[in-house]
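Some notes on the structure that comes next.
Each value in this text was obtained by applying a stated rule to the coordinates, not by laboratory testing. Everything numeric in this text was worked out from a predicted model, so none of it was measured. Positions of Cβ are generated from backbone atoms using ideal geometry, with glycine treated the same way; all protein chains shown enter the neighbour counts.
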Amino acid sequence: MQKQQEIDLEAEKKEILKRYRALLRACKRSIQKGDKELIRKAFDIALEAHKDMRRKTGEPYIYHPIEVAHICAEEIGLGTTSVVCALLHDVVEDTDLTLDDIKGLFGEKVAKIIDGLTKISGVFDQSSSIQAENFRKILLTLAEDVRVILIKLADRLHNMRTLDSMKRDKQLKIASETLYLYSPLAHRLGLNAIKTELEDLCLKYTEPEIFNEIVQKLEAGEPERKKFISKFIEPIKEILSEQGLKAKIIGRPKSIYSINNKMKTKGVTFDEIFDLFAIRVIIDTSPEKEKSDCWRVYSIVTDFYQPSPDRLRDWISTPKSNGYESLHTTVMGPEGKWVEVQIRTVRMDELAEKGYAAHWKYKDSTSESQLDDWIRKIREILDNPQENALEFLDDFKLNLFAEEIFAFTPKGEMKTLPIGATALDFAFDIHTKVGEKCIGAKVNHKLVPLSYKLKSGDQVEVLTSSKQTPKEDWLSYVVTARAKSKIKNALKEERKKIAEDGREMLERKFNHLKIDFTVQNINELANFFKLPSSQELFYRVSVGNINLKHLKDFHQEHGKITHKSGSLNKKKETTKSFEQMVSSVRGKSDLLVIGENLKKIDYKLSPCCNPISGDDVFGFITINEGIKIHRVNCPNAVQLLSNYAYRVVKAKWTSQELISFLAGIKITGIDEVGLVNNITKIISNELNVNMRSISFDTNDGTFEGTMMVFVHDTDHLTELMKKLKKVNGVLAVTRMDSAN
Ligand code: MN
C-alpha cells in the first residue's frame, strides 16, 4: 500500500534545493573564491549518482549526503574540502562512479579521503570480523588525514539521528558499534557535543524504557531546576559585571546517557542524583588574560559559595590530552546542594564543543598541542602492523576513553598517561628501547617494581639494564596501546629467533635418524603434536617442550614418515563453522524463539548478565557452547554486537511455561532490627520465590545485601523488588548483572 502512494517529485526537488541552500549558508564562514563552484559540482554529481536511490525512510537518498555535509560545516566547523568529500562519501561504495573518476574530477586529496570513507568489503577469516577490519581501516586513515574520521563521525551522527526507520536488530547493531568506537573517538577528538548526542541516541535505541523514563523525569523537574539555577547565578552575575568581566552564565543539564550511567554504576535512583546539571561560566577575555581571569571568576564564585576542597580540577594549566581546557569546582549552593561550576573562556568553550576543527582555528603555532601529540602516537602504533584486527582494536580502545594522569621525568618534562598506567608504560612512553630494557623505576626517589601504578604528580626515573628483554607477563600490567604493541612485537621477534634454533635442532635429529627434513615430514610431526604450525613445532623443540624420543614411534617409507599406531590419522575434531551454525538455525525459521520450540537447539543463559524471561535478549553463537543468550543491556553486549554482528541471532521469549531463572538483587539501606528477617520473609513466604544465596554486610549502621533468587520472568522480578523496597530501612533495590 505504501509503495503505491504517489510521490510528489516536484515537492521533493524543492526540498532538495532548500537543504542544499541551507548547507551553503552553513559553509559561508569558511568559503573562499571558487569554493562555491566546487561544492555545486560535488552536489550535482552526488545528486545524479544517487538519483534512483531512496533511504529506508523512503526519502530521496541525496538528503543523507547533504545532511552529512551540513553537520561537517555547521557542527564540526570543517572547510570546503570536507564538505565536498561529505557530499560524495557514499558515491563510490553505492554507485557506478569509481575512485579514479573522483580523482579526475576533484583531484588526489579528495579521492584519498573518499577512499578512506569507503568500507572494506570481502571475506575475512573467522578469527577476525569485517567490522573490526573496517574499524581498523578507519583508524589507519586517522593517522593520514583526520578529516576522514571527522566526516565518518558526521555520517554516523546522521545515521543515528535517522535510526527510527531501521529494524530492531539493525538498530542494536548500529547503536552498539557507535558506543564501541564512534563515541569514544568523538570524545578523544574533543567533539563533546557530538559525543554526547551519539551516546544519548544509543541509549534511546538500546534501552528505550530507561531513556524515556529519564527524559520524562528531567522534564518534570525542569521548572524547579530553573528556579534554583537563577537563584544561584544572581549574586555572581552582579559582581562579575561590577568587576568588568564579560560573562555568560548558563545551567547545563547532564546528558541522559551519563545520568543512566551514574544510576547503574552507583546503584542509585534518579532522585538520588544530585548533580543533574552544572553551572557554566563563559568569559570573553583577551588571550593573555585567559588564565588569570578564569581564576578571578573562581575567586568570586567561592566568595559566595563554599568549595569542596577535593573537587577542584585545573585543566587550564594542564589541558586534557583531547585538548579540553576548563576550571571545575564543586561548591555548596543554596538549600545545601552541591553544585558543579565550570569556568572557561569563549575559546575554551568552542574547543570543548567542536574539538579538533576549532582547535585549528585557534592553534598557536609555537606549541605542539596535546592532540597532535596523541595523533602522532596513534601513527606510531599503526606503524607496527598487527595480525589480528580485533586484538589491536581492543588495545587501542583502552586508550580512547581512559581518564588521565600526569607524571614527570626527572628533568620535569610532563607525560600524560591513562589512569592505571604503570612504571613500565612510562618507560615505553619515553622510548621503545627504554621500555624494553626497563628493570624497575624510582618514583619520587623510592625504588618500585615495573608493575607500580603511577599517580598524578609522580616523578619517575626509569632504571634500565642492557641484559633486560621484554617478558610475556609484562603484557598483564601495561595499559597503554603503545607499550602493548611494542612488547608483543618484541616477543614475536624473540619467538622467531628461538624457533630458528629449534629448526636447526630438529634438522640435526632428523639427520641422525636418517629422516628426510621435508615440509611434509615436518607437518606430519606438527600434526601429531596437534600444533598449528611448523613454527610452533620448532619453538617447542627449542624450549624443550617436546620430547623427540617420540620420533622413534614413526616409521619411514619412501622418505615419508607416519606414526606407527596410526593414531594421527584419526579425524581431527571438527567444530562447526559459524556460518554452518547460523544457517542451520536460520534455515528453520528466521526468528530464533527461545522456549519450548527451541529445545532442540542447544542454548545457554549467559552468566555475565543472567537473562530471565521477559528481558530484551539476543543469541550469540559461541565456538564450543552453542548459542548463549545475553541481555541487550549486558555489560558485554556492546562488544559482541559491534564486533561479531555475524554471530548474533535474534532471540525472543515466547514461553508461557513457568520456568525459573536466576537473577541477582542488591539491596542497600539502614540497618534496622529485624530487617534481614523481613527481607527473607518476603522472598520465601510471600511470593514463593526460591533463594539460592544471600549475604549481608553491615557497616556503621548501613547495610548492603546481595542475593540470588529464582524467578519466572521480569514481571515477577519487578514485583519482588517493589515489595522489597517497601521494607522499613531499605533505601534502594537494584538488579545485578551477575553474581559477582
Ligand atoms: Mn553515509
Inter-centroid distance (Cα atoms) of region 48-64 relative to region 632-647, Å
30 Å
Can you compute the modelled spin-label distance between Lys442 and Lys119, with each label point 7 Å from Cα toward Cβ, in nm?
5.6 nm
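Ranked highest first by average number of other Cβ atoms within 10 Å, how do 641-652, 433-444 line up?
Ranked by mean Cβ neighbours within 10 Å, highest first: 641-652, 433-444.
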Any idea how far the Cα center of region 3-43 sits from the one of region 176-230, in Å?
30 Å
Which value, in Å³ per residue, describes the convex hull spanned by the Cα atoms of region 251-319?
139 Å³
Per residue, the convex hull volume that the Cα atoms of region 171-327 enclose (Å³):
135 Å³
Beta carbons within 10 angstrom, averaged per residue: use that to sort the peptides 274-284, 605-615, 463-473, highest first.
605-615, 274-284, 463-473
Starting from the eigenvalues of the Cα gyration tensor, five times each then square-rooted, give me the equivalent ellipsoid semi-axes of region 436-482, largest first, whole Å.
18, 15, 8
Which of Lys266/Lys446; Lys13/Lys56; Lys33/Lys289; Lys13/Lys36; Lys195/Lys266; Lys264/Lys484 have a Cα-Cα distance over 27 Å?
Lys266/Lys446; Lys33/Lys289; Lys264/Lys484
Once each part is reduced to its C-alpha centroid, what is the distance from region 70-95 to region 293-361 in angstrom?
33 Å
Only Lys, Arg, Asp and Glu count, each charged at its Cβ (+1, +1, -1, -1), so figure out the dipole size of region 145-242 about its Cα centre, rounded to 20 debye.
300 debye
By how many nm would the segment from Ile694 to Ile239 lengthen if fully extended, with 0.36 nm per residue of separation less the alpha-carbon distance?
158.1 nm
Cα-only Rg/Rh for region 49-203 with Kirkwood Rh rounds to 0.94
